[in-house]
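See below for the structure under consideration.
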């Protein structure tokens, strides 16, 4: 079974109409299951609401995005990995050693640690900061939009 770990920046492009969405939507067919951290759930809903708040999407469009995301999870296309203490311990260990030149947000660190702990060798992301931090989690960052 062909699987991959995607961060929120790529997952969002499955639902939102923005630069790179078409490319991501065509690439999703390459995998049977897309995995991500459960933190993506809240990040995705927050992003949908931000589009609504900024008047880029109507309430109906926002709800359509939410419903489609839920359907994709229900049908097994997207599987969210629960956060556990080991993931947070890995995040802490990386922060202890991380250079002061690297900016790494906590949700991104949780994605990277989740990806590493669950045995993936690559993380699919379009986020520049995550691509920079991926090696600290023994991961190769893959950007399908480049």
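Of the residues 101, 13, 131, the one that moves most in a GNM of the chain with alpha-carbon contacts below 10 Å is 101. Peptide packing for 1-7, 78-84, 108-114 was compared via the average number of neighbouring C-beta atoms within 10 Å per residue; ordered from the highest value, the list is 108-114, 1-7, 78-84. Comparing 75, 126, 22 in a Gaussian network model of the chain, where Cα atoms under 10 Å apart are tied by springs, the biggest mean-square fluctuation is seen for 75.
Centre-to-centre, using Cα atoms only, region 54-70 and region 75-102 are separated by 28 Å. Its Cα gyration tensor gives the chain an equivalent ellipsoid, and the semi-axes of that ellipsoid, as √(5λ) in whole Å with the largest first, are 25, 17, 15. Go ahead and collect, in residue order, the members of region 8-42 whose backbone nitrogen is under 19 Å from a label point 7 Å along the Cα-Cβ direction of residue 105. Within reach of a label on residue 105: 8-21, 36-42.
Between residue 93 and residue 75, the distance separating the two model label sites (each 7 Å from Cα on the Cα→Cβ line) works out to 3.8 nm.
Bear in mind these aren't lab numbers, they're just calculated from the coordinates by the rules spelled out. None of the values given here were measured: they were computed from a predicted structure. So basically every Cβ, Gly included, is an ideal-geometry build from the backbone, and we count neighbours across all protein chains shown.
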